[in-house]
There are 2 protein chains.
Amino acid sequence: MAQKPGIPKGTRDFTPAQMIRRNYIFDTIRKVFKTYGYQAIETPAMESLHTLLGKYGDEGDKLIFKILNSGDFASKIDSSTASRLSEGSAVPFELSRALTSQISEKALRYDLTVPFARYIVQHRHETTFPFKRYQIQPVWRADRPQKGRYREFYQCDVDVIGSKSLLNEAELLHIICEVFGRLKISIRIKLNNRKILAGIAEIIGQADKIVDITVAIDKLDKIGLDGVNKELARKGLPQESIDQLQPIIHLSGTNSEKLKQLKTVLSESETGMQGIAEMSSVLDFSKEMDISEWIDLDLTLARGLNYYTGAIIEVKSSDIAIGSICGGGRYDDLTGIFGLPDVSGVGVSFGADRIYDVLEQTELFPEDSGSRTQILIVNFGEDELKACIPIAITLRDAGFSVELYPDQVKMKKQMSYANANSIPYVILAGQQELSENSVTVKDMTEGNQSSSLITNIVDHLNNLMND
Amino acid sequence: MAQKPGIPKGTRDFTPAQMIRRNYIFDTIRKVFKTYGYQAIETPAMESLHTLLGKYGDEGDKLIFKILNSGDFASKIDSSTASRLSEGSAVPFELSRALTSQISEKALRYDLTVPFARYIVQHRHETTFPFKRYQIQPVWRADRPQKGRYREFYQCDVDVIGSKSLLNEAELLHIICEVFGRLKISIRIKLNNRKILAGIAEIIGQADKIVDITVAIDKLDKIGLDGVNKELARKGLPQESIDQLQPIIHLSGTNSEKLKQLKTVLSESETGMQGIAEMSSVLDFSKEMDISEWIDLDLTLARGLNYYTGAIIEVKSSDIAIGSICGGGRYDDLTGIFGLPDVSGVGVSFGADRIYDVLEQTELFPEDSGSRTQILIVNFGEDELKACIPIAITLRDAGFSVELYPDQVKMKKQMSYANANSIPYVILAGQQELSENSVTVKDMTEGNQSSSLITNIVDHLNNLMND
């Protein structure tokens, strides 16, 4: 019996129409990256399992797709694991974990950041720093699939590594504005700084509760001020600290006004003041870039708090509630885990799949352009077909995308093919036309026809297309 | 202790310099595919294991990378397998096979053809036939890695499906000539037809020995005529059949001369004569395309014999002995296994990695063009940097790829950065220049400097680059 075809849940096929739209996004992003001098790299889909494990927390480790060793892997399972397997274990996951390390040495990459850190350390002697790289590749996560969340999806990462200059942060914000400007997506950029958050926690005497505090404040929109304060109390914050937090939660005004208020609040915290200085510097650069109007200083942004050490960046669509469409930040020690300490980097990652959804929902995808066949030459039979081959060659050499219909079938079927594939021009060259060294060109959009000498066909079609 | 960074054997990182060269190949191939009206699709890296198993023979099944199920997979191992594991098995691979089916449901794609067949069946209601698609994606094979053979490598497949016209075969040959012409690689195309081979085996009364016969004749260059005849005898061919084969082995002359001789030899075989008719038709079309001089009718070409049903195509470099750099053929029932019978297709696959090796060994890669940063703006300090931001914006808006050096370090280091990254122009704008609303432009190739007003910077650089 024939197999019913299907693909693993959370994965997708991309049809030609979807590919055109996806490539519109990738090409736009890639062009902007290049304009700012970022260079492409690629890393393998498979990394050594030990390269990835332990980098994304316990939950992340579970979501990494592991690859079964090739060959007679079962013969490598040690006897104690084998006998425990046959007895069964009362502790969930225990045997799976023990077994994994014996039958799997490789895994699919989970993001582009850890492979990039590994790349930097491995290639450091052939790399010039600062290194400005971009990387557009799929990643895989064994997450539960749901609307907008896939097990295979593309990340578009852009990072500068080996430079502590805050110009890099500003340049990434500039790139964000340029990419979404070209895609015509309205955005707001949230900007925070880990050092400001650390300063706040320090000032209220709760340095160890920085995550709890930020997570609670992050819920202000959803649960209101009372809700936030209750949650802070539940997390063990004394009333005094909660009181001290109030002006910070209430922080309002322009970015400069917010910075001014923060300077007063954080004057006693060295870390906090350093965060403010960094934030000011980035905002200063962004003024020169004429992009500061898109940026909101937002203390509730806590993305990747255990990971970023300076700036934290997140971008949302102003039109569609879909979560973050781009995000990133500064990490001071990306490569330490692979033996190269003190390499600072800053980067952001564009989420191509969510950007796709925004463009689709806002109907901002451009009309197809240039990516489809422009001219179909009708097949009237073998002799006519042969006479049409040189016409196709001439048109292709002139840069047109041209198809000869391969089969000798009814005109109606060939015309439906042109319509189904949105081919705008059809060339008809039957015996009559060919005997006059001419062809008929049908404009499929307008429905009208025109005649052209074969020797004049390139000019004729150029004129039609530029009309 | 820090981990020593590395990647799985048989996989590769691609540095920026390699990416430029790889993209030169992919972009060339993609442009040609589009010019002929082929449309891009993509399929997921992971397919269901049952989609892939049994499609590549027993050896292929072993070379498929399987993905370990997520979650507590060990708890799903049945008790009989578990107890056999703890006892051990004397039969190699037996337990691995039994275990695989219980702990793995997904695998990495092994080629692009089977996923394409699955795609066609799954999307047949939204697909217009004939469907001309291309697909450029990596595939994974657990082969023993060696020089030029990788465990992750790219295939560039181009196929027409749902059309039996032999124009398609000719068009693919045309595409092959166009791609390698643009890449400036000299090639020979070997063309054979499964039906001619079947006719030969039929005529000498050895229809069931078609593979043995072809494999033996394939060795003519290496082991000579005597060697071939000995091998045929060893494979059980009676002397009479071997005698009948001699004129075919000796087949020589132009393609038309070979066809003429074959017509005599195969006149009694219906299948053989059909193969000759197909071959003639393809060669006729290729004459109209002006590409027949690159094509050799070659009866020893037996690539994928169990798979192709009509034309068999293989391309080799004329300059470098590196094996096939492109190959394919006609397959009459690609999708039957997935429940859609009688869909005929024809396609070829370009081997990007071998093409890379040919271009590298023949030094045919073009000089880097357009893919790197064109202008570096030197960082003289925060004030100058801010003054330079609008200059960078103006130049980027004009289409140049521009970097601002982020850190305030010695001039010498910034110049080394420009050299290491092959950046051809450096802009110097210190206080002196800025006070005169001008910049100094250094040509890094020639070593000379020129001055430009900031308002004239785009024209100035355009002039320099077009000199």
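Some values worked out for this structure:
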item	result
Shortest-first distances to equivalent copies, position B:D290, nm, label 7 Å out along Cβ	5.0
Shortest-first nm distances, B:R144 label point to equivalent points in other copies (7 Å, Cα→Cβ)	4.6
Cα-centred dipole magnitude for chain A, charges only on beta-carbon of K, R (+1) and D, E (-1), debye, nearest 20	980 debye
Neighbouring partner chain Cβ atoms per residue of A:176-189, average, 10 Å criterion	0
Charge dipole (debye, nearest 20) of the range A:252-330; +1 at Cβ of Lys and Arg, -1 at Cβ of Asp and Glu	180 debye
Length gained when the stretch A:E360-A:V409 is fully extended (0.36 nm per residue, less Cα-Cα span)	14.0 nm
For the range B:307-347 versus the range A:353-368, the gap between their alpha-carbon centres in whole angstrom	37 Å
Label geometry 7 Å along the beta-carbon vector: A:P238 inter-copy distances in nm	10.6
Approximate spin-label separation B:S80-A:K386, in nm, with each point projected 7 Å along Cα-to-Cβ	6.5 nm
Accessible area of the protein assembly as shown divided out per residue, in Å², using a probe of 1.4 angstrom	43 Å²
Computed Rg/Rh of the range B:198-305, alpha carbon atoms with Kirkwood Rh	0.98
For the protein assembly as shown, size of Cβ-based charge dipole, Lys and Arg +1, Asp and Glu -1, in debye	1920 debye
Residue-averaged 222 nm ellipticity for chain B, from DSSP H runs of 4+ at -39500 (n - 2.57), nearest 500	-13000 deg cm²/dmol
Partners for A:K147 among lysines (Cα-Cα distance below 27 Å; same-chain residues under 8 apart left out)	A:K4, A:K9, A:K55, A:K62, A:K66, A:K184, A:K190, A:K219, A:K222, A:K316, B:K66, B:K106
Prolate/oblate/rounded label for the range A:214-253 (Cα gyration tensor, a/c 1.5)	oblate
Antiparallel DSSP beta bridges within chain A, percent to nearest 5	80 percent
Solvent-accessible area of B:T309 with every protein chain in place, 1.4 Å probe, in Å² to the nearest 10	50 Å²
Semi-axes of the equivalent ellipsoid for the range B:76-187, Cα gyration tensor, largest first, Å	41, 21, 10
Loop sites in the range B:253-352: GluC sites (Glu not before Pro), DSSP, at most 12 other Cβ within 10 Å	B:E268
For chain A: relative contact order, % (alpha-carbon pairs under 8 angstrom, 6 or more apart)	14 percent
Per DSSP, loop trypsin sites (Lys or Arg not before Pro) in the range B:371-464 with at most 13 further Cβ within 10 Å	B:K410
Calculated FRET efficiency for the pair B:V91/B:K164, C-beta based, R₀ 41 Å, to 0.05	0.35
Global form of the range B:143-224, assessed from the alpha-carbon gyration tensor, a/c cut-off 1.5	oblate
Global size of the protein assembly as shown as Cα Rg and Dmax, reported in angstrom	31.9, 105
Cα gyration tensor shape for the range A:375-466, rounded if a/c is under 1.5, else prolate or oblate	rounded
Degrees separating the helix A:167-183 axis from the principal Cα axis of chain A, which is the longest one	40 degrees
Test item: A:148-154 mean partner chain Cβ contacts at 10 Å	1
log10 of Debye I(q)/I(0), alpha-carbon scatterers only, for chain B at 0.10, 0.11, 0.12 Å⁻¹	-0.91, -1.02, -1.11
Exercise: per-residue mean of other protein chain Cβ atoms within 10 Å, B:159-169	3
Tilt relative to chain B, helix B:270-288 - C-alpha long axis, 0 to 90 degrees, to 10	30 degrees
Size of the A/B contact, given as accessible area buried on both chains, probe 1.4 Å, in Å²	9100 Å²
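The values are calculated or read from the model by the stated rules, or taken from the named source; none is laboratory data. Model, not experiment: these values are computed from the prediction. Neighbour counts run over all protein chains shown; Cβ positions are idealised from the backbone, glycine included. The accessibility values were calculated without ligands, DNA or RNA, using every heavy atom of the protein model including side chains. Shrake-Rupley method; radii C 1.70, N 1.55, O 1.52, S 1.80 Å.
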